[in-house]
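Peer 1: Okay, handing you the structure first.
The values are calculated or read from the model by the stated rules, or taken from the named source; none is laboratory data. Bear in mind that the values here come from a model prediction, so they are computed numbers and not experimental data. When we count neighbours, we look across all protein chains shown, and the Cβ atoms used for this are built from the backbone with ideal geometry, even at glycine. Surface areas here come from the heavy atoms of the whole protein model, side chains and all, with no ligands, DNA or RNA. Shrake-Rupley method; radii C 1.70, N 1.55, O 1.52, S 1.80 Å.
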Amino acid sequence: MNKPDLILYNGKITTLDPTQPEVQAAAICDGKFVALGNDVDIVKFAEHSQHVINLNGRRVIPGLNDSHTHLIRGGLNYNMELRWEGVPSLTDALRMLKEQAERTPAPQWVRVVGGWSEFQFAERRMPTLDEINIAAPETPVFILHLYGKALLNKAALSVLGFNRTTPNPPGGEIVRDKNGDATGLLVAKPSALILYSTLGKAPKLPLEDQINSTRHFMRELNRLGITSVIDAGGGGQSYPEDYQVIDYLHKANEMTVRVAYNLFAQKAGEELEDFQRWTKALDKNFGDELLKHNGAGENLTWSAADFENFLEPRPDLALAMEQELEPVVELLAEKEWPFRIHATYDESIDRFLDVFERVNGKTPFKTRFIVDHAETVSVKNIERVGALGGGFAIQHRMAFQGEYFVARFGAKAAEATPPVAKMLELGVPVGAGTDATRVASFNPWVCLYWLCEGKTLGGLTLTPDRNRIDRHTALELWTKGSAWFSGEADRKGTIKEGFLADLVVLSSDYFTTPGQDIQHIESLLTVMGGKVVYADKEFAHLDPGLPPASPSWSPTNKFGGHWRNTAANSMSSDMWSCSCTTGCSMHGHKHQRAWLTNLPIDEKDKNSFWGALGCSCFSF
């Protein structure tokens, strides 16, 4: 064995290799694992290694891989966006909005773009337009809520010029008061075009800040244990213009997340021309282990887009969909390009598969294809996808929209949405992801919580025990499962000799932590390609660091990314949400923990409901 670059020992290393499921130590050389075993076997190489890390008995897993996200677009905007992910109360969220509005210079906006649900808040409600206008009377504010609506303050309406004569765009509504004036509420009916086109009118960052922004977004993903993603393109993300930043970071050796990207058709009616041009310009295997092309999608034709807005009825696809989709799929099959397609409903998937089967009959598929989302896919269509050699990329959108899905379709329909356990039972490839950043959070641990516990952010149980998957299986979907979707299952997703040395040291043991706490796990040490890309707590001295977020007013500098359960944040949340100056003798300021807890089962947890019986919490 060559001289190792890095040795890690005294850990509980989950490899996901069935021949060697757990080891204590690992040796890494030239970005790959070269030896695994117990401490005695591996530490003997320490004197020849450049770096040796004591893992302090912590749980280690392979680096997480998001099989469907939007890192490239999200990175360009990350430093401009105020994150409400994980914020425990609306009072906290509005306080953050007020503080950021006061520090955001003209002509910039404050934007909250996805990753939250009102059901995560202690108040369990949306902010009102009045509350937003009070928090930010002068700075334009845009708040995106799922795929269904956006809230704008008066300053944003003024900048946009929305008035009584402004027409509603197709598939959207500008809500007006009795006088015909825009209130600030935009509603997707069912198309989110009105939301995204409005957001697109906000100022952009200059190139140097976009580079910094993307680095900070990658660092936040590293903090959560992500070392790889598959970028599914996105509306308004044009190739090659919007790929300059990720290309620059790749050439500058500043990538801390591996990115495989799909190309997304941008203009309705010109999709075939886009793919004809791209298949000529790009080899299907273009790129390397840090940045590589991954084929077409998730939008192949605009007529095939079914909207995942559960606040509205299921949309029917255009009658012309098949005749527009088929030549695109024929081209991709001929060029042997992998492809993926956005598909929420089984009715859409059924029609897509009719097209795929016709094309496959003429030009057999020689590479993978991906059905994205698939919340309501039927067993019949799971089998059809498997027969064609495809797989499913699933995300935790139901953790954010589950309450709305149940309200429209019923609790029974939500019991296997999507039917992940059935997909696995039928032997079809499945990879997990987030679909961040415009709706769901980029936090993989929220998805793992949803997969294992079957609950929404608001605590609503969707998935019964019989349809859930265990923690080990869920982790496989986030690692070796996702690797299939970029054609890399033979070299990443598993801690195994010869595989890429991507790993995560966890803040708490994923396999033993209480189910509710899975969503709060973070990384203490993230290694990508044998190099430390993020470190905290006892490993903080190894952290490579980053320059401050730019511009200086960036919300990232003040608030960071996803809400962290630090002592300071907890105290702030408790005090803001209860608005009292003294805490009760049992709960302190954590009244809401008592308010929201069901009748006691475990009396040892005296700070939750049991200790609240008769206390002053219930006098509020």
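Peer 1: So the check is Cβ under 8 Å with 6+ separation or different chains; which pairs have a first residue in region 158-173 that's at positive phi and a second one that's in a helix (DSSP H, G or I) and surrounded by 13 or more Cβ atoms within 10 Å (Cβ to Cβ)?
Peer 2: These pairs meet every condition: GLY171/LEU193; GLY171/ILE194.
Peer 1: Is there a residue being under 23 Å from GLY530 (Cβ atoms) and open to solvent by less than 30 Å² (accessible area, probe 1.4 Å) anywhere in region 267-290?
Peer 2: Keep residues of region 267-290 that are under 23 Å from GLY530 (Cβ atoms), which gives 287-290.
If we keep only those that are open to solvent by less than 30 Å² (accessible area, probe 1.4 Å) too, we end up with none.
Checked against the condition, which is being under 23 Å from GLY530 (Cβ atoms) and open to solvent by less than 30 Å² (accessible area, probe 1.4 Å), region 267-290 yields no hits at all.
Peer 1: Same structure, new question: Among what's in region 521-537 and is under 25 Å from VAL34 (Cα atoms) and among the aliphatic types (A, V, I, L, M), pick the residue that is surrounded by the fewest Cβ atoms within 10 Å (Cβ to Cβ). First the steps, then the outcome.
Peer 2: Keep residues of region 521-537 that are under 25 Å from VAL34 (Cα atoms), which gives 523-535.
Restricting the remaining residues to those that are among the aliphatic types (A, V, I, L, M) gives 524-525, 527-528, 532-533, 535.
Values: LEU524: 23, LEU525: 28, VAL527: 27, MET528: 25, VAL532: 18, VAL533: 24, ALA535: 22.
Selected residue: VAL532.
Peer 1: Also, quick follow-up: Residue under question is LEU36, and the condition is that it be open to solvent by less than 60 Å² (accessible area, probe 1.4 Å) and farther than 19 Å from SER523 by Cβ; does it hold? Talk me through it step by step, then tell me what you get.
Peer 2: On the way: open to solvent by less than 60 Å² (accessible area, probe 1.4 Å): yes; farther than 19 Å from SER523 by Cβ: yes.
Yes, satisfied.
Peer 1: Same structure again: Being more than 30 Å from ILE341 (Cβ to Cβ) and surrounded by 16 or more Cβ atoms within 10 Å (Cβ to Cβ) is true for just one of SER486, SER482, SER507. Which residue is that? Full working, then the answer.
Peer 2: Values: SER486 fails: more than 30 Å from ILE341 (Cβ to Cβ); SER482 fails: more than 30 Å from ILE341 (Cβ to Cβ).
Sole residue among the options that is more than 30 Å from ILE341 (Cβ to Cβ) and surrounded by 16 or more Cβ atoms within 10 Å (Cβ to Cβ): SER507.
Residue-wise test of (1) in contact with a Cys (Cβ under 7 Å, 6 or more places away or on another chain); (2) over 15 Å from LEU388 (Cα atoms); (3) not charged (D, E, K, R).
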site: PRO327; (1), (2), (3): no, yes, yes
site: LEU332; (1), (2), (3): no, no, yes
site: LYS335; (1), (2), (3): no, yes, no
site: PRO338; (1), (2), (3): no, no, yes
site: HIS342; (1), (2), (3): no, yes, yes
site: PHE352; (1), (2), (3): no, no, yes
site: PHE356; (1), (2), (3): no, no, yes
site: ASN360; (1), (2), (3): no, no, yes
site: PHE365; (1), (2), (3): no, no, yes
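Peer 1: What number of residues within region 19-33 are within 28 Å of THR473 (Cβ to Cβ) and open to solvent by 30 Å² or more (accessible area, probe 1.4 Å)?
Peer 2: 6
Peer 1: Those residues that are more than 27 Å from the chain's Cα centre (by Cα), surrounded by 19 or more Cβ atoms within 10 Å (Cβ to Cβ) and not hydroxyl-bearing (Ser, Thr, Tyr), I need them from region 7-18; list them, please.
Peer 2: ILE7, LEU8, GLY11
Peer 1: While we're here: With the checklist (1) crowded, with 24+ Cβ neighbours inside 10 Å; (2) assigned to a helix (DSSP H, G or I); (3) β-branched (Val, Ile, Thr) in hand, flag the one item ILE518 doesn't pass.
Peer 2: (1)
Peer 1: Just name the residue that is least open to solvent (accessible area, probe 1.4 Å) out of those in region 209-258 that are acidic (Asp, Glu) and touching a Ser or Thr at 6+ places or on another chain (Cβ under 7 Å). Explain how you work it out, then say what you get.
Peer 2: We begin by selecting, within region 209-258, every residue acidic (Asp, Glu); these are 209, 220, 231, 241-242, 247, 254.
Filter once more, so that each one left must be touching a Ser or Thr at 6+ places or on another chain (Cβ under 7 Å): 209, 231.
Values: ASP209: 24, ASP231: 0 Å².
The selected residue is ASP231.
Peer 1: With the requirement that a residue be at positive phi and either outside any loop (DSSP other than H, G, I, E, B) or surrounded by 17 or more Cβ atoms within 10 Å (Cβ to Cβ) (or both), what does region 452-474 give you? I'd like the intermediate steps shown before the answer.
Peer 2: The initial filter retains those residues of region 452-474 that are at positive phi, namely 454, 459.
Correct list: GLY454 only.
Peer 1: May I ask you to verify whether VAL329 is more than 25 Å from ILE469 (Cβ to Cβ), in a helix (DSSP H, G or I) and touching an Asp or Glu at 6+ places or on another chain (Cβ under 7 Å)? Give the steps one after another, and end with the answer.
Peer 2: On the way: more than 25 Å from ILE469 (Cβ to Cβ): yes; in a helix (DSSP H, G or I): yes; touching an Asp or Glu at 6+ places or on another chain (Cβ under 7 Å): no.
In short, no.
Peer 1: Now for a separate question. Among the listed residues LEU129, LEU146, which satisfies the condition of being open to solvent by less than 60 Å² (accessible area, probe 1.4 Å) and over 20 Å from TYR404 (Cα atoms)? Walk me through how you get there before you give the answer.
Peer 2: Working: LEU146 fails: over 20 Å from TYR404 (Cα atoms).
Sole residue among the options that is open to solvent by less than 60 Å² (accessible area, probe 1.4 Å) and over 20 Å from TYR404 (Cα atoms): LEU129.
Peer 1: Just a yes or no: is a residue in region 85-104 part of a strand (DSSP E or B), surrounded by 23 or more Cβ atoms within 10 Å (Cβ to Cβ) and in contact with a helix residue (DSSP H, G or I) (Cβ under 7 Å, 6 or more places away or on another chain)?
Peer 2: Taking region 85-104 as the starting set, the residues that turn out to be part of a strand (DSSP E or B) are none.
So far as region 85-104 goes, no, none of its residues is part of a strand (DSSP E or B), surrounded by 23 or more Cβ atoms within 10 Å (Cβ to Cβ) and in contact with a helix residue (DSSP H, G or I) (Cβ under 7 Å, 6 or more places away or on another chain).
Peer 1: Take the residues of region 164-180 that are part of a loop (DSSP other than H, G, I, E, B) and within 33 Å of the chain's Cα centre (by Cα): which is nearest to TYR147 (Cα to Cα)? I'd like the intermediate steps shown before the answer.
Peer 2: The first filter runs over region 164-180 and keeps only residues part of a loop (DSSP other than H, G, I, E, B), leaving 164-171, 177-180.
From the residues that got through so far, the ones that are within 33 Å of the chain's Cα centre (by Cα) too are 168-171.
Details: ASN168: 17, PRO169: 16, PRO170: 15, GLY171: 12 Å.
In this case the residue turns out to be GLY171.
Each row is one residue, and each column tells you yes or no for (1) open to solvent by 30 Å² or more (accessible area, probe 1.4 Å); (2) aromatic (Phe, Trp, Tyr); (3) within 26 Å of the chain's Cα centre (by Cα); (4) over 28 Å from ASP242 (Cβ atoms).
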{"site": "TRP109", "(1), (2), (3), (4)": "no, yes, yes, no"}
{"site": "GLU118", "(1), (2), (3), (4)": "no, no, yes, yes"}
{"site": "ILE194", "(1), (2), (3), (4)": "no, no, yes, no"}
{"site": "LYS204", "(1), (2), (3), (4)": "yes, no, yes, no"}
